[in-house]
Ligand code: ADP
Ligand code: MG
């Protein structure tokens with residue numbers, strides 16, 4: 001029977017390995033980021049001699065490889081250190097998902113012990129637990145705080161302050177904690193004074209936007225990894241690079257590869273054709289990317305779906321929060337979810353706003369008192385609805 005199942009699953013596909021196009025895949029090499037990689041290695045060189053923890057900030061616009069660079073660096077640095085008998089551990093924290101000190105600490109501890117209980121420990125207990133582990137392992141820990149600005153805005157500098165303090169307590173530098181802060185904005189501005197002094201100017205790595213030229217080798221590598229030979233012609237790689245050029249965003253380029261490949265496959269073609277790339281570009285949106293939408297938790301996604309539905313039906317550029325909330329209740333019903341309370345709905349709107357999915361503003365006088373108006377930044381409501389439906393899966 002296995003052959004029957006395998007036969008059904010394993011029909012011909014254009015993809016050799018579609019997972020290489022997934023948003024969380026960290027490639028072996030990062031063309032165009034060699035210098036930045038070297039800079040990181042220099043910054044952390046001291047750890048090899050038992051030096052104290054180092055702190056680095058990586059900034060740059062979306063899709064410039066901040067996340068990929070920090071993860072690839074930690075992964076490879078750990079491997080190189082291991083050959084020299086130095087124990088480097090790294091934990092990466094997505095601060096969009098883990099935006100409080102406690103949630104971030106839990107994530108770090110889970111790296112050491114996947115079954116670490118997710119409640120019942122205070123922050124200071126978790127810090128102590130972490131310190132003991134590092135001491136026992138004689139490990140130098142690198143913590144990647146990805147999208148650190150979100151955590152800093154929400155929860156302040158305590159986490160950073162508390163983690164960097166380890167280095168003062170560690171006797172003879174048997175263990176240490178280093179932090180790589182990753183953020184689109186200069187997150188140092190969000191640190192309080194005590195934490196700010198640890199992030200020195202020399203440790204800032206700024207990633208510039210890509211352009212068609214610099215995107216080409218990135219696209220080429222990914223095509224080799226993800227598609228069977230001959231499926232994605234070189235001419236099309238160039239087309240993808242040109243399409244993504246105005247945004248300088250590698251994530252967008254890779255989404256175009258994935259989408260156009262999928263479109264070709266769905267159409268039963270053996271090769272991707274230019275029309276697939278154009279269709280993929282029409283479907284994709286560089287700012288509200290699928291990967292970002294996937295990071296939303298369910299009720300925020302449902303709230304955003306509600307907003308897109310109200311705006312799709314309306315000829316106005318804005319809807320009111322009241323209209324959005326009413327529709328949100330309907331959407332929840334459709335998905336068999338219990339709508340969250342009014343105050344919670346407001347925090348969804350606030351979060352969606354700060355994440356850039358919606359714009360909110362107070363209405364001027366005239367419209368029924370003052371109310372808050374919601375608009376979508378730069379994506380058609382219909383496109384947003386479709387993307388969300390794909391992610392949320394029809395109920
Ligand atoms: P950011 O965190 O800056 O928004 P990411 O690190 O998520 O950007 O990069 C977006 C996508 O592009 C990811 O799939 C990543 O693997 C890929 N990418 C970015 N830069 C490179 C590069 N230099 N080489 C290969 N892939 C890259
Ligand atoms: Mg990122």
Given (1) within 18 Å of residue 184 (Cα to Cα); (2) away from ligand 1 (no atom under 13 Å from the Cβ), residue 64 misses just (2)
Residue count, region 187-199, condition more than 15 Å from ligand 2 (Cβ to nearest atom) and surrounded by 14 or more Cβ atoms within 10 Å (Cβ to Cβ), comes to 7
Has region 276-288 got any residue that is over 25 Å from residue 375 (Cα atoms), out of contact with any helix residue (DSSP H, G or I) (no Cβ under 7 Å at 6 or more places or on another chain) and buried (at least 16 other Cβ atoms within 10 Å of the Cβ)?
-> no
Hey, residue 78 hits all of (1) modelled with pLDDT of 95 or more; (2) within 16 Å of the chain's Cα centre (by Cα) but one; which does it fall short on?
-> (2)
Would you mind stating whether residue 253 is in the same structural domain as residue 152 (by TED's automatic domain parsing) and crowded, with 22+ Cβ neighbours inside 10 Å?
-> no
Given (1) more than 16 Å from ligand 1 (Cβ to nearest atom); (2) part of a helix (DSSP H, G or I), residue 198 misses just (2)
Among the helices (runs of 4 or more DSSP H) lying completely within region 276-395, list those that include at least 2 residues that are within 30 Å of residue 236 (Cβ to Cβ) and under 20 Å from the mean Cα position of the chain (by Cα).
-> 290-294, 381-392
Positions within region 222-250 being in a loop (DSSP other than H, G, I, E, B) and under 24 Å from residue 60 (Cβ atoms), in sequence order | 245, 246, 247, 248, 249
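Residues checked against (1) surrounded by fewer than 19 Cβ atoms within 10 Å (Cβ to Cβ); (2) touching a strand residue (DSSP E or B) at 6+ places or on another chain (Cβ under 7 Å); (3) within 30 Å of residue 164 (Cα to Cα):
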position	(1), (2), (3)
205	no, yes, yes
225	yes, no, no
233	yes, no, no
238	yes, no, no
242	yes, no, no
248	no, no, no
Looking at (1) without any contact (Cβ under 8 Å) to a residue 40 or more places away in the chain; (2) more than 16 Å from ligand 1 (Cβ to nearest atom), find the lone condition where residue 76 falls short.
-> (2)
Residue 54 vs (1) out of contact with any strand residue (DSSP E or B) (no Cβ under 7 Å at 6 or more places or on another chain); (2) in contact (Cβ under 8 Å) with a residue 12 or more places away in the chain; (3) away from ligand 2 (no atom under 16 Å from the Cβ): all pass except (1)
Look at region 124-152 and say how many of its residues are in contact (Cβ under 8 Å) with a residue 60 or more places away in the chain, under 21 Å from residue 51 (Cα atoms) and within 16 Å of ligand 2 (Cβ to nearest atom).
-> 1
Do we find a residue being away from ligand 2 (no atom under 16 Å from the Cβ), within 18 Å of residue 18 (Cβ to Cβ), part of a helix (DSSP H, G or I) and at pLDDT 90 or above anywhere in region 266-273?
-> yes
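The values are calculated or read from the model by the stated rules, or taken from the named source; none is laboratory data. Fair warning: this is a prediction, and the values are worked out from it, not measured in the lab. When we count neighbours, we look across all protein chains shown, and the Cβ atoms used for this are built from the backbone with ideal geometry, even at glycine.
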